[in-house]
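The values are calculated or read from the model by the stated rules, or taken from the named source; none is laboratory data. Computed from a prediction, not measured in an experiment: that's the story for all the values here. Here Cβ is always computed from backbone atoms with ideal geometry, including for glycine, and neighbour counts include all displayed protein chains.
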Amino acid sequence: MSEEQSRSPSKRRFLGFLGLGALGTFWLGFTSVPVFRFLSPQAPPDPFDEQGRAVVLDISPAEVRNPGMGKNGGYGNRGLIVFRTAEGELKAFDSKCTHAGCNVAFEGDQIHCHCHGGIYDLEGQNVSGPPPRPLTELGVIEEDGVLYVYRLDG
Amino acid sequence: METMTEYPIPPEAEGQLPSEETVTGKASRWLLHRYPLWSTFRHLADKTVPKHRGSAWYNIGGIVLFFFTIQIITGILLMIYYRPAEPWMSVQRIVMEVPFGSLIRSLHHWSANLMILALFIHLFSTFFMKAYRRPREFTWLTGTALFAVTLVFGFSGYLLPWDDLAFFATRVGITEADKVPLVGTFLANLARGGPEVTLDTLGRFYALHVMVLPVVSLTLIGVHLLFIQIQGVSEPDSFAALPPEEKKHEKFFSEFMFGEIPIWLALSVFLVALAAIWPRPLAPEANPAAAAPPGIKPEWYYLSQFQWLKLFPGRIEMVGMAILGVIPLGIVAVPFYDRAIPSDDRGRLVTKLGLFGLLALLILTIWGALS
C-alpha cells in the first residue's frame, strides 16, 4: 500500500485545501502587482521646458503694464498670480495658498486668500490668518509680447 | 415600541455548531439569534451535484462567472482612465502610457471573448442535457436573458475605443437593425441618439455598458444562481434512470467548488498568456468622413448572423431577418414545448433541431471568418 493511499480522506482534504490556498495566494499576489502599478498615480508633467521656462497662460503683458495691476493666470496645469508693484517691479507667485490649497488673489497692496482669510504681503510672506508658510515666488520676464515664468530655486 | 424577540437556536444546530466557549461558536450563535439562517445554511451544506460522465459540463456556468468577475475588475480599472468625451485619446493613453494599461485592456478584451465562448458552451450543454425542463423553466429563461444581455455588452463595449474599426462595425450593426420592419428605425435612432453614429452614440453605449447592463446582469445572475441553489442542477435522463444506490453525488460545498478553483487558476494563466501574446490593438481614430477600412467584419459571435444575412441580398433580406428572429423565440419557448421526462418524440425533435442549429452556427461562423 503506497503512502498516498494510506492517507486519511480528511488529511488529503486538508492538504488539498492548503495547496489551493497557496496557489490562490500566489495568484492574488501576482495579479495585484499590475493592478497596483496601474492605479499608482503618474507624476504630473513638469510645467517648465528645457530652458526652465513656462509660458504664462491667460495673462498678457498689457494686463500688468502699470503699477497696481495684477491678475490670476496659469502655467502648466498650475495657477499663478502676476502683478506690478507700486515701484514698478513685475512679480509672480504660484497662487496655491500654503494653508489649504485655494488659489490666492492679488488685491493691490496685499495678496488675499478668499477661502479662509489668509493674507500675504507683496513679497509673498504670510502676514496674517492661517497660512503657515510664504507663497512660492517665480521669476517672470516678458519676451516678444509673451510672459514667461521660471523657477527661482535653481 | 415592542422590541423584536430574538430567534431561538434550533436544537439540531446546537448539536453541530462549535462549542459555546470558542469564538466561532459565540459568533455563529450571535448571528443565529438575530437572523434565522440555519435552514439556509443546512440547505447549502446539503446541496449535492450528481457525478456522471457528463459532470464536467456543470463547471461551465462557473467558468462564465469567473470571466464575468474578471470583466468587472478590469472594467472598473479601465473606467479610471477612460474618458467618454475623448474616447480614442484616453484609450491610447491607457495603451501607451499607463503602466500595465495595455495588459488590463487586453485582459478585458480576451476575457470578454472567452466569456461569450463559455456562455455558448453553457447554453448548448444545458440545452442538450435538457436542463430547461420542468421545474427549471425560469432558470432557463433568466439564462437566455443573460445571453442576450451579454451580446449587447459585447456590441456596446466594442464601440468605446472609438477607432475606425469600432466606428464602422457599429454603423453597420445599427444600420442592419434600422432595416427591421416597424420598430427598426425607432430602435436604431434610440441607440444612435440620432440618424448617425456620433459621440452621442458613444455616450449612450457607455452608460449602457458600464451602468445599465452591469446592474441588469448582476440582478439576473443573482436570480439565476438562487434558482440553481434552491433546485440543484438537473440530472440527465440516463442518470435519473439509475437505481438510487448507483447514483453518485458530490457536495457542492466544498468538493465541487474546490474542484472548480484549479480550473479558474488555469484559465487565468491562459487568459494572461493570450493578453500578453496578442494584445488588443488600437486602430486609427474614427473619422466619420474617411473611407471604411477594408475587411470590416463583426466580432466572431455576430459572424453567423452576418453571414446568414449575406445569403439574402437586397429585397429578400427581410426573409433572412425573419428567420433569424424566430431563433430567440424558439429558445425561449423550448421549455414549454419539450416537457416530457424521459424524452418523448418532442424531446428528440428538439435535440435534432438543436444539433442542426449548432451545426448551422458553426458552419456560418467559419464561413463568415473565411470569406
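Given the structure, is B:A289 farther than 24 Å from B:V95 by Cα and more than 14 Å from chain A (Cβ to nearest Cβ)? Spell out the reasoning first.
Values: farther than 24 Å from B:V95 by Cα: yes; more than 14 Å from chain A (Cβ to nearest Cβ): yes.
Yes; evaluated as a whole, the condition is true for this residue.
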What is the one condition in (1) more than 13 Å from the chain's Cα centre (by Cα); (2) at pLDDT 95 or above that A:D94 does not satisfy? (1)
Only one of (1) closer than 30 Å to B:P99 by Cα; (2) at pLDDT 90 or above; (3) more than 14 Å from every other protein chain (Cβ to nearest Cβ) is not met by A:Q51, so which one is it? (2)
Requiring at least 2 residues that are at pLDDT 95 or above and within 14 Å of another protein chain (Cβ to nearest Cβ), the helices (runs of 4 or more DSSP H) wholly within segment B:67-159 are B:87-96, B:101-128
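Residue-wise test of (1) over 25 Å from A:A43 (Cα atoms); (2) touching a residue at least 60 places away in the same chain (Cβ under 8 Å); (3) among the aliphatic types (A, V, I, L, M).
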residue	(1), (2), (3)
A:E87	yes, no, no
A:K96	no, no, no
A:A105	yes, no, yes
A:H116	yes, no, no
A:P130	yes, no, no
A:L135	no, no, yes
Kindly list, by first and then second residue, each pair from a residue in segment B:3-25 that is farther than 14 Å from B:Y35 by Cα to a residue that is of a type in the set (S, T, N, Q), limited to pairs with Cβ atoms under 9 Å and residues at least 6 apart or on different chains. B:L17/B:T24; B:L17/B:S28; B:P18/B:T24; B:P18/B:S28; B:G25/B:S19
Could you list, ordered by first residue, the pairs with Cβ atoms under 8 Å in which the first is in segment B:124-135 and on the phi < 0 side of the Ramachandran plot and the second is crowded, with 17+ Cβ neighbours inside 10 Å and aliphatic (A, V, I, L, M), at least 6 apart or interchain? B:S125/B:I60; B:F127/B:V334; B:A131/B:V233; B:Y132/B:V334
State whether one or more residues within segment A:22-36 are loosely packed, with under 15 Cβ neighbours inside 10 Å, under 30 Å from B:E255 (Cβ atoms), at the interface with chain B (Cβ under 8 Å from one of its Cβ atoms) and not basic (K, R). yes
Does B:A45 satisfy the criteria of being part of a loop (DSSP other than H, G, I, E, B) and touching a residue at least 40 places away in the same chain (Cβ under 8 Å)? no
If I ask for residues that are touching a Ser or Thr at 6+ places or on another chain (Cβ under 7 Å) and away from chain A (no Cβ under 11 Å), which ones from segment B:261-286 would you list? B:P279, B:R280
Taking the conditions exactly as written (modelled with pLDDT of 90 or more and either touching a Phe, Trp or Tyr at 6+ places or on another chain (Cβ under 8 Å) or surrounded by fewer than 18 Cβ atoms within 10 Å (Cβ to Cβ) (or both)), does B:A291 satisfy them or not? no
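Of the residues B:L282, B:L274, B:L218, only one is surrounded by 15 or more Cβ atoms within 10 Å (Cβ to Cβ) and assigned to a helix (DSSP H, G or I); which? Let's see the steps before the verdict.
Working: B:L282 fails: assigned to a helix (DSSP H, G or I); B:L218 fails: surrounded by 15 or more Cβ atoms within 10 Å (Cβ to Cβ).
Step by step, each of B:L282, B:L274, B:L218 is checked, and only B:L274 is surrounded by 15 or more Cβ atoms within 10 Å (Cβ to Cβ) and assigned to a helix (DSSP H, G or I).
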Could you look through segment A:63-89, keep only residues that are touching a Ser or Thr at 6+ places or on another chain (Cβ under 6 Å) and of a type in the set (A, V, I, L, M), and pick out the one that is surrounded by the most Cβ atoms within 10 Å (Cβ to Cβ)? A:L80
Residues satisfying the stated conditions in segment B:13-42, i.e. over 28 Å from B:P244 (Cα atoms), of a type in the set (S, T, N, Q) and part of a helix (DSSP H, G or I): B:T24, B:S28
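Mind listing just one residue for me: the one in segment A:142-154 that is of a type outside the set (G, A, S) and in contact (Cβ under 8 Å) with a residue 24 or more places away in the chain and, of those, nearest to A:V104 (Cα to Cα)? Steps first, answer last, please.
First, pick out the residues of segment A:142-154 that are of a type outside the set (G, A, S): A:142-144, A:146-153.
Within this subset, residues satisfying the condition of being in contact (Cβ under 8 Å) with a residue 24 or more places away in the chain are A:142, A:146-151.
Numbers: A:E142: 23, A:V146: 23, A:L147: 20, A:Y148: 20, A:V149: 17, A:Y150: 19, A:R151: 19 Å.
Here the answer is A:V149.
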